[in-house]
Amino acid sequence: MLVALFGLNNASAESCLPEGITFSYQSQINNFQSNYPGCTQIDGDVVISGSNIFNLNGLSVVTSIGGSLLIECNKILTSLDGLTNVSSIGVDLRLEGNFSLTNLTGLENVTFIGGDLILSNNLSLFSLSGLSGLSSIGGALWIDDNKALLNLTGLDNLAFVAGIVRIYSNSSLTSLTGLESLTSIGGNLLIGGQEHLGGLGNPSLTSLEGLVNLTSIGGKLEIGYNTSLASLAGLDNIDAGSVNGLSIYNNNRLYECDVASICDYLSNPFGIVNISDNATGCNSQAEVEAACLLLNTGNKAVDKVFSIYPNPTPGYIFIETTSTTLPSYLTIINPNCEELMKQPVSGSKTQFDLTGLPAGVYFVRLNNDRMVDFRKILKR
């Protein structure tokens, strides 16, 4: 009896299919456990691609895949729930062209992907919920052309990507929320770009704050064709010494590029620099370097000394300051370091009329005999 039970246990946790397996029909998935009894650890690739596949429940006994898991061109597949017991994928996980898939629930137990994670052309995918167990990726992370994806929530525990990170052509993506745990990328960081293909940006992306904890990349930093992006805030903590090339282009509203990592890189660039066709303030390398110089002149220890609103502004701005005990002055400066307006601080709130100035980026300088500080403003 003991021998029989031992044999039964081995049969229930068996490696199999070193040549891999392809599922083209729902019936093949339904019959998997009867056709391959005891097969739980598939050694080869698993391909799931069929026009009539609507669920993966027949694969619920599978615990690991030694090769790649390719889930492609399944037009009516709505759920990955049948994969809930899979904990590791030896090579790539690719989900492409699954038009009815709305989230990735079912992949919660996947903690390891040895190769690339590619999410592409899943037209209804609005959430990455289901990837919370994933802490590292052994290859690249590609998130491309997922029209309904709003943010990257679901990747909340991802700390390391060994290859490139590419985020292209996700038309509804507004932020990179969900990548707050990401600290290191081994290759390029590409957020939009591909000028030779006509531009593959993320037109709704307004914030990069999800990358606030990213400290190193192993290649080029490229930001292109993100037409709603106004600031590079969120990239502040990247070690400039880890960057090998910088391209920031065709981001129509991008005016704030003088974050610490960019300023540090431009002070000693290693690799190409292309900064062009963005908004005033970030329309050339010279403009960004000028902004970096002005802001580096400010006293960072007095970060709360004054605030400005509204910013951006159509005309009038109000400046509130706590520095009223000493004779202080407020000055409006253009990116060429020319003083345009200046007046003394006579109280806690000062008003400037900018309606006569052309649209663009300006700086407000507060100074007295003890300190100097700068803020950037955008005149619409």
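None of the figures in this text is laboratory data; all of them are computed from the coordinates on show. Remember, predicted model here, so these are calculated numbers, not experimental data. Neighbour counts run over all protein chains shown; Cβ positions are idealised from the backbone, glycine included.
Observations on the structure shown:
- Cα centroid separation - the stretch 211-241 against the stretch 72-150, whole Å: 24 Å
- Convex hull (Cα only) mean projected area of the stretch 78-223, reported in nm² to one decimal: 7.5 nm²
- Ordering of 310-319, 78-87 by packing [mean C-beta count within 10 Å, highest first]: 78-87, 310-319
- Most fluctuating residue given options T331, T105, T280, as computed from a GNM of the chain linking Cα atoms under 10 Å: T331
- Charge dipole magnitude, Cβ of K and R +1, D and E -1 - the stretch 52-119, Cα centre, debye nearest 20: 100 debye
- Fewest neighbouring Cβ atoms within 10 Å first, the residues I118, I272, I167, I333 line up as I272, I333, I118, I167.
- Each of V243, G187, Y255 was scored by the projection of its Cα onto the charge dipole of the stretch 177-291, and the greatest displacement toward the positive side belongs to G187; charges sit on the C-beta of Lys, Arg, Asp and Glu.
- Calculated from backbone phi, Karplus (6.51, -1.76, 1.60) coupling profile of the stretch 199-210 in Hz, x at Gly/Pro: x, 10, x, 10, x, 9, 5, 10, 8, 10, 4, x
- Taking every DSSP helix (H) stretch of at least 4 residues in the chain, weighting each as -39,500 (n - 2.57) and dividing the sum by the residue count yields a mean residue ellipticity at 222 nm of -3000 deg cm²/dmol.
- Counting DSSP beta bridges with both ends in the chain, the antiparallel % (nearest 5): 30 percent
- For the chain, a simple Cβ point-charge model (Lys and Arg +1, Asp and Glu -1, everything else neutral) yields a dipole of about 880 debye relative to the Cα centre.
- Distant-in-sequence amide contacts of I275, defined by a placed amide H-H separation under 5 Å and a gap of 5 or more residues or a different chain, comprise I248, Q285.
- Taking all pairs of distinct alpha-carbon atoms in the chain, Kirkwood radius in angstrom: 23.4 Å
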